[in-house]
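The values are calculated or read from the model by the stated rules, or taken from the named source; none is laboratory data. Just so it is clear, the model here is predicted, and its values are computed rather than measured. Because the Cβ atoms are built from the backbone with ideal geometry, glycine has one as well, and the counts that use them run over all protein chains shown. Areas reflect the complete protein model, heavy atoms only, side chains present, ligands, DNA and RNA absent. Shrake-Rupley method; radii C 1.70, N 1.55, O 1.52, S 1.80 Å.
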Amino acid sequence: MAVRLFADVILPLPIPNLLTYEVEENLAGEIAVGKRVIVQLGKQKFYSAIVRKLHNQAPVAYEVKGIQSVLDEQPVVSELHLKFWEWIAGYYLCHLGEAMNAALPAALKLQSESKIILNPEYHHNHEELSSKEYLIYEALLISHELTVTEVAKLLQRKSAHGIIKEMIERGVVLMAEELNDRYKPKKVVQLSLHEKFRDEALLHDIFQQLEKRSPKQLEALMIFMKQLFDQKEREFVPKSDLINNEKVSAAAIAALIKKEILVERAVLVDRLISGNTLKTGPVVLSDAQNICLNEVNKHFEKEDVVLLYGVTSSGKTEIYIHLIEEAIKKGKQVLYLLPEIALTAQMINRLKKHFGNSVGIYHSRQNSNERVEVWKAVKRFNPDHKGEQPAQVVLGARSALFLPYSDLGLVIVDEEHDSSYKQNDPAPRYHGRDAALVLAKMFSAKTLLGSATPSMESFFNVKEKKYGIVNLAERFGGMEMPVIKVCDVRESTRKKIMKSHFTPELIEAIGNALTNKEQVILFQNRRGFAPVLECNNCAWIPECKNCTVTLTYHKQLGQLKCHYCGYSANPPATCQRCGDHHLQVKGFGTEKIEEEMAIFFPDAVIARLDLDSTRSRNAYHKIISDFEERKIDMLVGTQMVTKGLDFENVSTVGIINADQLLNFPDFRAHERAYQLMSQVSGRSGRKLKRGLVLIQTHQPDHWVIQLVMKHNYEAFYTRELFERKKFDYPPHRRLIEIVMKHRDPDILHEKSIELGDILRKKLGNRVIGPHQPLIARIKNLWLKRILIKIEKEASVGKVKNIYRQQVAEFYKDKNNQSVSIVVDVDPS
């Protein structure tokens, strides 16, 4: 009797365990760890799963099902990356299926909720279909889509899985989701000269014929020939290039194709290869940059992680470029992480200039096909190949961590302090910087963290001698740090000299900059027109019907919007409490600042950079490009404008409301305030002259503002570290945040106390809460928060195991199963 073979697979679902399926004899030669397989879950659902383990042990607790088919010739996920997924799941207390969902692009997660459709590319003879298959084929022609249950009823059979599987394998039908998500290679239509006209005499004859009968076709053919000769080594011209010529009509091209003078064909192209492959060498470094580069390399000889602590505009990027070049020469792959998708717009151009088509871009705003092409290029990387390889250098946001690297040599985490590296929803709630350190260690690669305002955790690790540090203390080209002035809003209000929300000093500075043809950035960390609409009579404020938050007024949309659940409503004409007609907007967001600046400076071109103005895919890139090209005089934005952008003509920066940053109820508020104010200040005076920064505040003597003015990060770090130690916060403690959710606040209150007590029995006073967060209800679910503070000396792993055991115990009570629990390790 043959030994039975079983596979433990990862499904893209939040389930605790791997599921075991039997491998039929005909699939035994195809299956391998890391390959995708189609499996059935439940009665009618099919999923693509990843094989994690092969063994001969049949499961005891449930009846095993068979694997339907193997999708891949080669594994799509390596053993190392599977271990990385397991680390993510273990450290961040999520399920392996959630890590899989985060890791794989949608086009590689073919799955079905039991619906099939005809394959639009199936054009074979229908006679090859069996009678039952033809019945399904005809039904799909009429209905377009059928569930597996409907197919079984049609065939009058209990199960139709076998016949559907056969039709899928032969390409007759597809899973409905497969059609939507499957990878579609990019095709370009090319035009070439028909072989018979490569004879000069025949070509001359056709020119003469066209000259007499079809002058427009002749002109099109001549332009085609010119473009063909310009291509030099190529024997074709992209059809789009010819159509884009204003002298060529589509009708003329169609006629040339019909006469078989030109031949049209669609060919697959690699999205990663751009037309421009001209490259320049790295910029010559300054003396200070050269010293830093040498110091980084010296640290890398004995340390795996180095913090490049360089002031804004010090030229950290040029050092990165030299390090990337060194890694490429060694035949290694490079991962360059940025906190925001938006930042890639400027950085793509800089890296492409140096490394050409070796640069691959990967982030969530790309479509599924683009992401798969980068995935495949990274997968194809050959360390023994000499010369340029697509996507040897990957530039991306945190999701780029999951690409299938095979020989990673260098990881750069730029702006490592940025909170955008932290994934909030859905799980896994991982931190891009911390996960990058683990991934680099798995490859024995080096990691460079870069920042002008390092995170408390990274600087603490430097002080603890866990990381090396290299200091780049001067701006490139000898530029001075900007002058920072405080504008006292309280005093200006008392003197009644405020101009709307702006102090006279700020208005004067903006006016001077615009007069000198210089650009201005205004920072306000709140989007929308105004935070609230308020009744003048009774102070009633419209609130979200799903969340315990007030609605933000968006004037351009003419709507009140909730920034937590997306709920929107039209502004009321009267107060819903007292009926009064006098409703007034209070406070201000980026939209209102943009409108009021247009009143103060009517001749200035003003643009807004926030989440609302950059929802379309290329909106951010256009705004940044226009600002770089000086088509925009003033840029008003949220924290998007603080992120490592480089504009040579910005002389003046205004921080409209520093108090909002300082007074936020969070233990990281002062750290974030210092970082945001310092980073946005760094956008000024970067090339031509010393910049000017104006900070509007009611607290001009606040210690954080005073240290921002002095550009003294180390003094800030020392004081903030003392405060953190006093109240047991990171980096002195590790945090695990547990958020419990339920529709009924009374049930939630009772159950949160129950879980808190269970955890406290095992973990003692490390457990704090439950308590109600600042926003007590989101999306109609009430929230309670429990915090676990773990001292550095304690085993985090043991605490996590205790947490898992106690939550499992909590859910054994059926009355508790309606309560959902979200856990966040190292919350941001």
* Structure fact -> In segment 409-461, taking the dipole from +1 charges on Lys and Arg beta carbons and -1 charges on Asp and Glu beta carbons about the Cα centre, the listed residue (SER444, MET456, LEU410) farthest towards the positive end is SER444
* Contact order normalised by residue count of the chain, Cα under 8 Å, 6+ apart, percent -> 9 percent
* To do: Determine the order of HIS742, HIS501 by accessible area, beginning with the largest, at a probe radius of 1.4 Å.
  => HIS501, HIS742
* Tell me which residues come under 5 Å, amide H to amide H, from LEU41 once H is placed; ignore anything under 5 positions away on its chain. => PHE46, TYR47
* With 19 Å as the limit, write out which pairs from LYS725/LYS800; LYS226/LYS247; LYS45/LYS109; LYS329/LYS446 have Cα-Cα distances beyond it, or answer none. => LYS725/LYS800
* Roughly how much of SER364 is accessible, in Å² to the nearest 10, using a 1.4 Å probe? -> 80 Å²
* Structure fact -> Sorted by chain and number, the residues with a modelled amide H under 5 Å from that of LEU781, at a separation of 5 or more or across chains, are none
* Structure fact -> Heavy-atom accessible area of CYS538, protein chains in place, probe 1.4 angstrom, given in Å² to nearest 10, is 40 Å²
* Asked: Using a 1.4 Å probe, what is the accessible area per residue for the chain, in Å²?
  -> 47 Å²
* Per DSSP, loop trypsin sites (Lys or Arg not before Pro) in segment 371-438 with at most 11 further Cβ within 10 Å -> LYS386
* From the cross-link list LYS35/LYS132; LYS352/LYS379; LYS561/LYS741, which pairs have alpha carbons spaced over 25 Å apart? -> LYS35/LYS132
* **Relative contact order of segment 35-89, defined on C-alpha pairs under 8 angstrom at six or more residues apart (%)** => 44 percent
* Asked: When the solvent-accessible surface of protein heavy atoms is calculated with a 1.4 angstrom probe, in what order do SER444, SER419 fall, highest first?
  -> SER444, SER419
* Structure fact -> Low-density loop GluC sites (Glu not before Pro), segment 732-828, at most 13 other Cβ within 10 Å, DSSP non-H/G/I/E/B, are GLU793
* Restricting to the chain, what percent of DSSP beta bridges are antiparallel, rounded to 5? -> 55 percent
* To do: Filter the trypsin sites (Lys or Arg not before Pro) in segment 698-747 to those in DSSP coil with at most 16 other Cβ atoms within 10 Å of their Cβ, and list the result.
  => LYS710, ARG743
* Asked: If you count, for each residue, the other Cβ atoms within 10 Å and average over each peptide, how do 63-76, 569-582, 507-520 line up from highest to lowest?
  -> 507-520, 63-76, 569-582
* Theoretical ellipticity at 222 nm over the chain - DSSP helices of four or more residues, -39500 (n - 2.57) apiece, nearest 500 -> -10500 deg cm²/dmol
* To do: May I ask you to give the percent of accessible area on the chain that is carbon plus sulfur, with a probe radius of 1.4 Å?
  => 50 percent
